[in-house]
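Undergrad: What follows is a structure written as structure tokens; I'll ask about it next.
The values are calculated or read from the model by the stated rules, or taken from the named source; none is laboratory data. Owing to the predicted nature of the structure, the values given are computational and were not obtained by experimental measurement. Methodologically, a virtual Cβ is constructed for each residue, glycine included, from the backbone with ideal geometry; neighbour enumeration extends over all protein chains shown. Only protein heavy atoms, including side chains, enter the accessible area calculation; ligands, DNA and RNA are left aside. Shrake-Rupley method; radii C 1.70, N 1.55, O 1.52, S 1.80 Å.
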Amino acid sequence: MPTPPGPPAADTPEAPTVPAGTPAGRADRADRPEPPAGLAGRLRLPKHARRVWLTVHVACSVGWLGLTAGVLALGIAGRFSDNPDTVRAAYLAQEIFADWLLIPISLLSLLSGVLLSLGTTWGLLRYRWVATKFWLTLAATLASIFALRAFIHDAAGQVAAGTVPPDGRAPHVLVIAPSVALAIYLTATVLSVVKPWGMTNRGKRLAAEARAARVNRAAGAAPGR
């Protein structure tokens, strides 16, 4: 979902929370589409737990965005610098970021976003913008862990052995991949702010079921019945 992002606050029971990938701030209540009350998820997070997980999500999403920008800057330095010392330092620094920060930050951002979605009225697959953010963040997480780290290790291994990576696969990928990831996190952030496209078919069905249940309860409570 970097989300990046990615993403609104949920410190009151009525305020929806944004999932997977990127941080964002609070918006005026009048500008925010409120999900129907009958669509509350099965996992209903208490207020304090919601605040804790929101803090974790925003911190990790911002950190992921900054980490990706740093990896991109190092990739550009390694790819285009004519100084072998700069190239060596860039790829070795990328390896430190990939081994120590990339996995925990990306996984925490994804998992905290999913938990917040399931624990609030937004749901995970009820709104198209939330579902889109989830799939974008999931794809970015898997690509970063299983593909980007492999290319970083390849380049770092070459410079550690005393050879500067040739003008080939790894140097190009270590510029392109972080650029694509950064674009994904910025897209997730825009989705969190704009909230386009409305509900999914699943969300519409759940909303209709919730309305029908409210009508039935009101009819059962009507006088004379």
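Undergrad: Could you identify the single residue in ALA155, ALA147, ALA131, ALA140 that is of a type in the set (Gly, Ala, Ser) and exposed (fewer than 13 other Cβ atoms within 10 Å of the Cβ)?
TA: Unique residue meeting the criteria: ALA147.
Undergrad: So, one more: Can you tell me how many residues in the range 190-208 are part of a helix (DSSP H, G or I) and open to solvent by less than 40 Å² (accessible area, probe 1.4 Å)? Walk me through it before giving the result.
TA: Of the residues in the range 190-208, the ones part of a helix (DSSP H, G or I) are 190-194, 201-208.
Those still in the list that are open to solvent by less than 40 Å² (accessible area, probe 1.4 Å) too: 191-192, 203, 206-207.
Total satisfying the criteria: 5.
Undergrad: Mind checking which residues of the range 59-80 are in contact with a helix residue (DSSP H, G or I) (Cβ under 8 Å, 6 or more places away or on another chain), open to solvent by 40 Å² or more (accessible area, probe 1.4 Å) and not hydrophobic (A, V, I, L, M, F, W, C)?
TA: The one that is in contact with a helix residue (DSSP H, G or I) (Cβ under 8 Å, 6 or more places away or on another chain), open to solvent by 40 Å² or more (accessible area, probe 1.4 Å) and not hydrophobic (A, V, I, L, M, F, W, C): ARG79.
Undergrad: Could you grab the pairs with beta carbons closer than 8 Å, sequence gap of 6+ or different chains, first residue in the range 73-86 and under 11 Å from VAL164 (Cβ atoms), second one assigned to a loop (DSSP other than H, G, I, E, B) and open to solvent by 40 Å² or more (accessible area, probe 1.4 Å)?
TA: As it stands, the answer is PRO84/VAL164, since those pairs meet every condition given.
Undergrad: For the range 162-173, indicate whether the set of residues that are open to solvent by 50 Å² or more (accessible area, probe 1.4 Å), of a type in the set (A, V, I, L, M) and part of a helix (DSSP H, G or I) is non-empty.
TA: no
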